[in-house]
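Here is the structure we will look at, set down as structure tokens.
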Ligand code: GLY
């Protein structure tokens, strides 16, 4: 319907995707959108984090410019988190803003990055350092597209699903636990339900705190240790979802100490991650490097505040002041 309305308004759809997604889904999705296929309106980039760069941003801007994109046209981000973040920033900035549609095709993008309007590219100095809040006008989530994801990407993306289950509470964690085998085989019905409930949770948080001034911080559960790990071991060496899974264990361990979270939650979370096939331990980089990386995290203020924990399942607390010594001690729960 949106596609028909866009066409009726004289808008053209400019689809930014990656080569893998284009191969697997391009034709069918363009067909559904009623969008023109072919080189003029589809830009398929190299898959991978390296594409979220200033140089690819320029490629996208020039592509729109040479094809005469106008203010009433639409940028469609078709793909995972990299494509969504990059194309989102393209839409936010080209001609000071074109309409943006998100069609996420990875677990991580479906449950998290396509919702809430965060767009970004990376700099040499770090990930997501340049970006904007720019809400999509339309998000289409089709969990059927998860069928073609490489196994490793699918499984690691489930780390974000576990995060949402912990944030949401006992009921959703229970759904995940009871359906782990179905989740592993990408059962359409259960993934539909899980993705929908994660999205609803996130949408509720973003509606209350679109610009990340308060409650939205809860979505960073597990991310302090995750970002530190990604920086320390290298972004190519660990996927974001796997880092988040390990980070969740660290956050849960710290929550026991700071918020009195029941010890059973750590055992339960570890067991769920193991059953999903997500590694729960790692050859830990030197703790000093992890600490240095954690304090550089843009979500931690100079005073070390900003850590997210759980008082109980479904009861996240943000703005915790975690000392470096306790952070270092909690890292032991993920040491191989
Ligand atoms: N991915 C966290 C957020 O959107 O705020």
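The values are calculated or read from the model by the stated rules, or taken from the named source; none is laboratory data. As the structure is a prediction and not an experimental result, all values here were calculated from the model. Note: ideal-geometry Cβ built from the backbone for every residue, glycine included; neighbour counts use all protein chains shown.
Of the residues that sit in the range 103-125 and are away from the ligand (no atom under 16 Å from the Cβ) and not in a loop (DSSP other than H, G, I, E, B), which one is nearest to residue 141 (Cα to Cα)?
103
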- [ ] Determine if the range 211-229 includes at least one residue that is part of a helix (DSSP H, G or I) and more than 16 Å from the ligand (Cβ to nearest atom).
- [x] yes
TODO: Show the residue pairs that are 6+ apart or on different chains and have beta-carbon atoms under 7 Å apart, the first residue being within the range 194-209 and under 17 Å from residue 138 (Cβ atoms) and modelled with pLDDT of 95 or more, the second being assigned to a helix (DSSP H, G or I) and within 14 Å of the ligand (Cβ to nearest atom).
DONE: 195/110; 195/111; 199/111; 202/112; 202/219; 206/216
- [ ] Specify which of the listed residues (100, 166, 146) is more than 21 Å from residue 230 (Cα to Cα), touching a residue at least 24 places away in the same chain (Cβ under 8 Å), buried (at least 17 other Cβ atoms within 10 Å of the Cβ) and more than 16 Å from the ligand (Cβ to nearest atom).
- [x] 146
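Out of all the residues in the range 18-56, which are assigned to a loop (DSSP other than H, G, I, E, B) and either surrounded by fewer than 18 Cβ atoms within 10 Å (Cβ to Cβ) or out of contact with any strand residue (DSSP E or B) (no Cβ under 7 Å at 6 or more places or on another chain) (or both)?
Residues of the range 18-56 assigned to a loop (DSSP other than H, G, I, E, B): 34-41, 46-48, 52-53.
Those that are assigned to a loop (DSSP other than H, G, I, E, B) and either surrounded by fewer than 18 Cβ atoms within 10 Å (Cβ to Cβ) or out of contact with any strand residue (DSSP E or B) (no Cβ under 7 Å at 6 or more places or on another chain) (or both): 34, 36, 37, 38, 39, 40, 46, 48, 53.
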Open item on the list: If residue 179 satisfies all but one of (1) within 16 Å of the ligand (Cβ to nearest atom); (2) free of Cβ contacts under 8 Å to residues at least 24 places away in the same chain; (3) under 27 Å from residue 262 (Cβ atoms), what's the number of the condition it fails?
Closed with: (1)
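Can you tell me how many residues within the range 297-333 are part of a loop (DSSP other than H, G, I, E, B) and at pLDDT 95 or above?
Adding up the residues that qualify gives 2.
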Open item on the list: Among the numbered criteria (1) assigned to a loop (DSSP other than H, G, I, E, B); (2) touching a helix residue (DSSP H, G or I) at 6+ places or on another chain (Cβ under 7 Å), which one does residue 237 miss?
Closed with: (2)
Task: Residue satisfying all of: in the range 57-86; within 16 Å of the ligand (Cβ to nearest atom) and either closer than 13 Å to residue 139 by Cβ or in a strand (DSSP E or B) (or both); farthest from the chain's Cα centre (by Cα) among these - done: 77
TODO: Go through 237, 228 for me and flag whichever is crowded, with 24+ Cβ neighbours inside 10 Å, at pLDDT below 95 and more than 15 Å from residue 163 (Cβ to Cβ).
DONE: 228
